[in-house]
Amino acid sequence: PEPPEGGWGWVVMLAAMWCNGAVFGIQNSCGVLFVSMLELFGSSEDKQLAFKTAWVSSLSMGMVFFCSPIVSIFTDLFGCRKVAVTGAAVGLVGLLSSSFVSTIEPLYFTYGILFACGCSFAYQPSLVILGHYFKKRLGLVNGIVTAGSSLFTVSLPFLLRVLIDSVGLYNTLRVLCILMFVLFLAGFTYKPLVPNTKDKEGGKKGKSKFPPAKKICNFSVFKVLSYRIWAFGIPAALFGYFVPYVHLMNHVKDRFGGSVPEEVLLLCLGITSGVGRLIFGRVADYIPGAKKIYLQVASFFFIGLMSMMIPLCNVFGALIAVCLFMGLFDGCFICIMAPIAFELVGAQDVSQAIGFLLGLMSVPMTVGPPIAGLLRDKLGTYDVAFYLAGVPPLIGGAILCFIPWVHERQKLKERAKPVDGETTEKMLENESTLVLDTTEKPVKELDSGF
């Protein structure tokens, strides 16, 4: 059906906005949790402390994206509502169980895997369901929805710092469970407008029947060359993307001591990221077709440049300016992912297209922060880690530049095929009419003769 461009869709938009806020607000505030984990579980004798602790946050963020191809299959089979509600419940259990551990190792499973998998199953349906309700306003709506994570990223670091100082890390994690419970309730608002694959295969009688494996795992999206470039170019750009979110707080502590409020940096990232999502989400609606990619190219260029400038900031004010710019273009990159996926593969395959992309993104986002932590343990400073973190976004952005040109060539080829088919059909129709005319004329003459 044609998207209603509103109605119940506005309620769905608010629920999806909460989902983005709860999931990525917690993930982006991991720098505060990281410092607390170092103090709680670490010792001065452990020479690989930053490396081991960074795995908790990076594994969590990586698993959110790693599960995405599986989530897309479940979303196609069972619909957005069931998958989102189940995911939020699993995430709630994982976060709650994380508040009862006594060492860092169990957090790899409870926080890094269980909580993150639940977040993944809750997050992706929030992107897919928006395409059911909006088409013309999809860029704007995606900007508003993804701005939810910015609102939470702005407020959560200060809340987490107050909670950790007053009630400790364990009780802070239990307070965060409230966000996941609200997310569990929000999932019930995802009223489906398009039947899922299982319902289609079951028919009108409502028989439960699973579709063939080819329909479950739809690898046909990789036949689209422009999508292939996009799906491998973005992960190439993300090896250093998550490094500032994990290590920036500890870098500030190393560089400036305890004399500066390091949470202000996450506040700056969150505010400008929200502004960027709203602005660039709306701008994307006016940019035709795959040319939206150029916004992501620009965002990767500036993100890479800002990452390299972090070690050069010897004044806290300069670091604030860097974070303001980084947040702005971070918002640009995130808010137009779904609209670009719709442009490259169409609405029918968008769920699995997003799923495969997020799955490929999981590898660099998981590997980057521990490598940065290892460099910090070996060299005693984060400078080299931040310099190296700025290189992949520049390379990935250069790869993405080719997509609009490739996509336009693909569209021209696809247009040419139907035209050739139509012309041959018309030629066959003309031939058949000529044959009919030649056979009808003698019959008419015989009739008139009698």
Meets criteria (open to solvent by 10 Å² or more (accessible area, probe 1.4 Å) and either assigned by the TED database to the domain that holds residue 119 or modelled with pLDDT of 85 or more (or both)) for residue 95: no
For residue 113: the one exception among (1) over 19 Å from the mean Cα position of the chain (by Cα); (2) closer than 30 Å to residue 167 by Cα; (3) surrounded by fewer than 21 Cβ atoms within 10 Å (Cβ to Cβ): (1)
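Could you say which residue among 333, 301, 280, 329 is under 19 Å from residue 134 (Cα atoms), assigned by the TED database to the domain that holds residue 384 and touching a Gly at 6+ places or on another chain (Cβ under 9 Å)?
So the residue among 333, 301, 280, 329 that is under 19 Å from residue 134 (Cα atoms), assigned by the TED database to the domain that holds residue 384 and touching a Gly at 6+ places or on another chain (Cβ under 9 Å) is 280.
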Residue selected from segment 373-419 under the condition modelled with pLDDT of 85 or more and small (Gly, Ala, Ser), by the criterion nearest to residue 240 (Cα to Cα): 389
Verdict on residue 3 being more than 30 Å from residue 381 (Cα to Cα), at pLDDT below 85, out of contact with any Lys or Arg (no Cβ under 9 Å at 6 or more places or on another chain) and not acidic (Asp, Glu): no
Residue 320 vs. criteria open to solvent by less than 10 Å² (accessible area, probe 1.4 Å) and either of a type outside the set (Asp, Glu) or assigned by the TED database to the domain that holds residue 154 (or both): no
Tally of residues being surrounded by 15 or more Cβ atoms within 10 Å (Cβ to Cβ) and either of a type in the set (Ser, Thr, Tyr) or under 22 Å from residue 24 (Cβ atoms) (or both) across segment 372-389: 6
Residue match in segment 184-192 (condition: closer than 18 Å to residue 57 by Cα, open to solvent by 10 Å² or more (accessible area, probe 1.4 Å), modelled with pLDDT of 80 or more and assigned to a helix (DSSP H, G or I)): no
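Taking helices (runs of 4 or more DSSP H) that do not extend beyond segment 213-262, which have at least 2 residues that are open to solvent by less than 40 Å² (accessible area, probe 1.4 Å) and modelled with pLDDT under 80?
On the way: elements: 213-216, 225-237, 243-256.
Per the criteria, 243-256.
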Every residue from segment 143-183 that is surrounded by 21 or more Cβ atoms within 10 Å (Cβ to Cβ) and more than 22 Å from residue 266 (Cα to Cα): 183
Qualifying residues in segment 339-371 (those that are polar (S, T, N, Q) and open to solvent by 10 Å² or more (accessible area, probe 1.4 Å)) - the one farthest from residue 250 (Cα to Cα): 348
Close pairs from segment 65-85: first under 12 Å from residue 118 (Cα atoms), partner outside any helix (DSSP H, G or I) and of a type outside the set (S, T, N, Q), Cβ under 7 Å, at least 6 apart: 84/190
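The values are calculated or read from the model by the stated rules, or taken from the named source; none is laboratory data. Only a predicted model underlies this, so the values are computations on that prediction, with no experimental measurement involved. In this analysis, Cβ positions are derived from the backbone assuming ideal geometry, glycine residues included, and neighbour counts consider all displayed protein chains. Just so you know, the surface numbers come from the protein's heavy atoms only, side chains and all, with ligands and any DNA or RNA stripped out. Shrake-Rupley method; radii C 1.70, N 1.55, O 1.52, S 1.80 Å.
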